[in-house]
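To start, the structure under review is shown below, and the notes come after it.
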Amino acid sequence: MTTLAGTGVLLRFSLRRDRLMIPVWVAVNALMVLSMPNTLKGLYGTASERADLIRQVETNASFRALIGPVFDTSLGALTAWRAGVYAGLLAAVMSLLIVVRHTRDEEESGRQELVASGMVGRRASLTAALLAAAVANAVLALLVTVGLAGQGAAGALALGLGVAAVGMVFATVAAIAAQLTESARLTRGLASAVLGLAFVLRAAGDSATDDGSSVLTWLSPLGWLENLRPYADERWWLLVLFAAAVLLQAGLAYELASRRDVGMSFFPTRPGPPTGRLRTAGALAWRLQRGSVYGWSAAFFVVGVVYGGLTDGVADLVGDNDNAREIFERMGGQSGLEDAFLASMVGMMGLIAALYVVGSVLRLHGEETSGRAEPVLATAVSRLGWAAGHLVVAFGGSVLLMLITGLGFAAGYGKEIGPILGACLVQVAAVWVIGGLAVALYGLLPRAAPAAWAVAGAVLLIGWVGPALDAPQAVLDLSPFGHLPKLPGTEMSWGPVVALLGLAVVLVAAGLSGVRRRDLTT
């Protein structure tokens with residue numbers, strides 16, 4: 001039996017398991033990129049407007065740190081500038097989640113041992129996981145290439161391949177991390193930390209130079225993507241650098257996998273103290289999720305500082321561009337450009353906080369399906385007490401994230417901390433509705449619980465792309481965030497906030513009722 005025996009069967013099984021997750025990630029990412037040309041054409045329709053934008057980017061280090069440098073005035077080049085880094089970031093997150101799910105998650109749950117006992121080669125599982133990530137990235141590259149071909153076939157191909165290449169680089173990073181740690185949670189954390197470091201290096205390098213030539217930028221795969229320069233004299237040789245990184249990292253992952261037993265790792269989990277220190281289910285939930293809370297909090301504070309620092313210069317950046325002003329007003333209200341910009345950015349952070357709350361709530365699903373919930377519930381811990389511990393971390397953590405975001409905005413903006421904090425806290429009502437829906441799905445339809453990611457992705461897409469495309473109000477109202485008052489800058493309206501909080505309570509209550517009544521793992 002070869003070391004790759006059974007790879008095809010495992011690949012089909014992986015794609016079947018991810019038949020919902022992969023299409024949602026790919027669709028959200030592709031739609032974000034493909035919506036950009038029309039949006040940018042409306043914002044910067046003339047060559048002079050695009051030239052003014054480039055001059056503003058070249059002189060604004062904070063804006064370059066956030067998005068990157070721009071290399072040409074064509075709509076294709078502006079699309080690559082505006083969406084390229086974030087498309088690569090989303091592709092990287094999608095890829096590392098796929099690989100971890102089909103490697104370390106399978107080993108931690110014990111399913112990998114059962115699979116390995118059959119006619120399956122030693123490298124088949126890791127190969128199937130990497131191929132599943134490759135399929136997802138290939139579909140994404142195809143959609144981007146076909147969708148942007150009207151702006152120029154060569155540039156579209158370069159951007160599509162670059163985004164997919166970033167995804168595969170971090171797929172192999174996740175494959176290495178899966179060999180180093182015993183826990184899927186630690187594996188995701190390690191791979192995400194590498195991704196965060198790559199983003200920070202690129203941001204630091206781009207803030208120092210306006211042409212992507214900084215050494216720090218070249219240390220990051222996200223920097224390689226922007227230096228590929230789609231629609232601006234493409235540097236095709238950078239695809240060789242991507243391929244070399246993928247092959248070297250995949251080879252290292254295979255070598256590490258061949259030197260350990262199934263379920264083991266090179267950095268085993270340290271044994272705990274001889275006497276238990278966790279006296280409640282809530283303490284256990286905090287112990288399991290505190291790393292995630294710390295990581296999200298740090299990221300939200302940094303992003304808040306960056307967005308806050310951009311606020312004073314937003315008037316210069318927008319200039320006399322009425323279309324850009326209208327988009328900010330649709331997103332953040334018609335209360336002055338600075339307030340509209342702050343409100344729109346606060347709303348974006350709320351949308352991202354919804355992703356945190358879904359992931360934190362679905363930790364219940366992971367604990368149940370992995371079998372770790374059963375020994376906890378075999379003690380005097382009730383089901384509702386066990387679930388409540390994780391939900392306090394999920395919903396309380398979302399409040400903490402928005403508070404920290406407000407502090408970051410205030411630190412970067414340097415004005416009126418009270419209204420900004422209030423604007424951030426208002427977002428919690430909509431975040432809790434998304435979290436409540438995740439609880440309801442987990443409690444009532446546990447097999448459909450991962451669909452909460454699709455809901456969060458759809459809400460993110462509506463909030464991100466909808467205003468730029470001037471979507472009908474009926475579409476924007478499908479998102480709970482569409483009903484919130486546009487703060488700061490407008491008067492507080494308590495009615496929608498109270499209604500959303502009430503809906504969140506109903507959804508959580510329905511989910512907890514299902515948890516209390518149904519059998520576990522069904």
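The rows are residues; the columns are (1) in contact with a Gly (Cβ under 9 Å, 6 or more places away or on another chain); (2) part of a helix (DSSP H, G or I); (3) open to solvent by 30 Å² or more (accessible area, probe 1.4 Å).
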residue	(1), (2), (3)
LEU78	no, yes, no
TYR86	no, yes, yes
GLY121	yes, no, no
SER125	yes, yes, no
LEU143	yes, yes, yes
ALA178	no, yes, no
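Of everything in the range 180-193 that is open to solvent by less than 10 Å² (accessible area, probe 1.4 Å) and among the small types (Gly, Ala, Ser), the residue that is nearest to ALA285 (Cα to Cα) is ALA184.
Assigned to a helix (DSSP H, G or I) and modelled with pLDDT of 85 or more: does that describe ALA51? It would help to see each step written out before you state the result.
Numbers: assigned to a helix (DSSP H, G or I): yes; modelled with pLDDT of 85 or more: no.
So ALA51 fails the test.
Applying the criterion of being more than 18 Å from the chain's Cα centre (by Cα) and among the hydrophobic types (A, V, I, L, M, F, W, C) to the residues of the range 282-305, the residue that is surrounded by the most Cβ atoms within 10 Å (Cβ to Cβ) is ALA285.
Here is a yes/no grid of residues against (1) touching a strand residue (DSSP E or B) at 6+ places or on another chain (Cβ under 9 Å); (2) at pLDDT 90 or above; (3) closer than 15 Å to SER95 by Cβ; (4) not in a helix (DSSP H, G or I):
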site	(1), (2), (3), (4)
MET168	no, yes, yes, no
ALA175	no, yes, yes, no
ARG188	no, no, yes, no
VAL200	no, no, no, no
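Residues in the range 180-190: is at least one touching a residue at least 40 places away in the same chain (Cβ under 8 Å), among the polar types (S, T, N, Q) and within 25 Å of VAL240 (Cβ to Cβ)? Checked the range 180-190: no residue is touching a residue at least 40 places away in the same chain (Cβ under 8 Å), among the polar types (S, T, N, Q) and within 25 Å of VAL240 (Cβ to Cβ).
For TYR442, the conditions (1) within 29 Å of TRP25 (Cα to Cα); (2) among the aromatic types (Phe, Trp, Tyr); (3) open to solvent by 40 Å² or more (accessible area, probe 1.4 Å) all hold with the exception of (3). Only residues that are within 20 Å of the chain's Cα centre (by Cα) and not small (Gly, Ala, Ser) were counted in the range 105-160, giving 9.
Residue check: ALA91 meets all listed conditions (1) open to solvent by 40 Å² or more (accessible area, probe 1.4 Å); (2) in contact with a Gly (Cβ under 7 Å, 6 or more places away or on another chain); (3) closer than 17 Å to GLY457 by Cβ but one, namely (1). Give the residue that is farthest from GLY150 (Cα to Cα), with candidates limited to residues of the range 216-262 that are of a type in the set (Gly, Ala, Ser) and surrounded by 15 or more Cβ atoms within 10 Å (Cβ to Cβ). That would be ALA257. Of the numbered criteria (1) in contact (Cβ under 8 Å) with a residue 12 or more places away in the chain; (2) more than 21 Å from GLY251 (Cα to Cα), the one ALA153 fails is (1). Against the criterion of being open to solvent by less than 30 Å² (accessible area, probe 1.4 Å), touching a helix residue (DSSP H, G or I) at 6+ places or on another chain (Cβ under 6 Å), more than 17 Å from HIS102 (Cβ to Cβ) and part of a loop (DSSP other than H, G, I, E, B), GLY212 qualifies.
The set of residues from the range 1-37 being more than 27 Å from LEU351 (Cβ to Cβ) and open to solvent by 60 Å² or more (accessible area, probe 1.4 Å) comprises MET1, THR2, THR3, LEU4, VAL9, ARG12, PHE13, ARG16. Here PRO69, PRO37 are screened, and the one residue that is outside any helix (DSSP H, G or I) and in contact (Cβ under 8 Å) with a residue 60 or more places away in the chain is PRO69. Assess whether VAL318 counts as being at pLDDT below 65 and either open to solvent by less than 20 Å² (accessible area, probe 1.4 Å) or under 30 Å from GLY366 (Cβ atoms) (or both). Spelling it out, VAL318 is indeed at pLDDT below 65 and either open to solvent by less than 20 Å² (accessible area, probe 1.4 Å) or under 30 Å from GLY366 (Cβ atoms) (or both). Restricting the first member to the range 74-103 and to residues that are under 14 Å from GLY196 (Cα atoms), and the second to residues that are among the basic types (Lys, Arg) and open to solvent by 10 Å² or more (accessible area, probe 1.4 Å), the beta-carbon pairs closer than 9 Å and six or more apart or on different chains are LEU96/ARG188.
For the range 41-61, give me the residue count where each residue is among the small types (Gly, Ala, Ser) and open to solvent by less than 60 Å² (accessible area, probe 1.4 Å). Can you show your working first?
Filtering the range 41-61 for residues among the small types (Gly, Ala, Ser) gives 42, 45, 47-48, 51, 61.
If we keep only those that are open to solvent by less than 60 Å² (accessible area, probe 1.4 Å) as well, we get 42, 45, 51, 61.
Adding up the residues that qualify gives 4.
Could you say whether any residue in the range 378-397 is under 23 Å from TYR307 (Cβ atoms) and assigned to a helix (DSSP H, G or I)? Walk me through it before giving the result.
Within the range 378-397, the subset under 23 Å from TYR307 (Cβ atoms) is 397.
Restricting the remaining residues to those that are assigned to a helix (DSSP H, G or I) gives 397.
Yes; the residues of the range 378-397 include at least one that is under 23 Å from TYR307 (Cβ atoms) and assigned to a helix (DSSP H, G or I).
Put simply, of GLY389, GLY359 the only residue that is closer than 19 Å to ALA504 by Cβ and in contact with a helix residue (DSSP H, G or I) (Cβ under 6 Å, 6 or more places away or on another chain) is GLY389.
The values are calculated or read from the model by the stated rules, or taken from the named source; none is laboratory data. Since the structure is predicted, the reported quantities are computational estimates derived from the model, not experimental observations. Counting neighbours? That spans all protein chains shown, and the Cβs are built from the backbone with ideal geometry, glycine included. Accessible surface areas use protein heavy atoms only, side chains included; no ligands, DNA or RNA. Shrake-Rupley method; radii C 1.70, N 1.55, O 1.52, S 1.80 Å.
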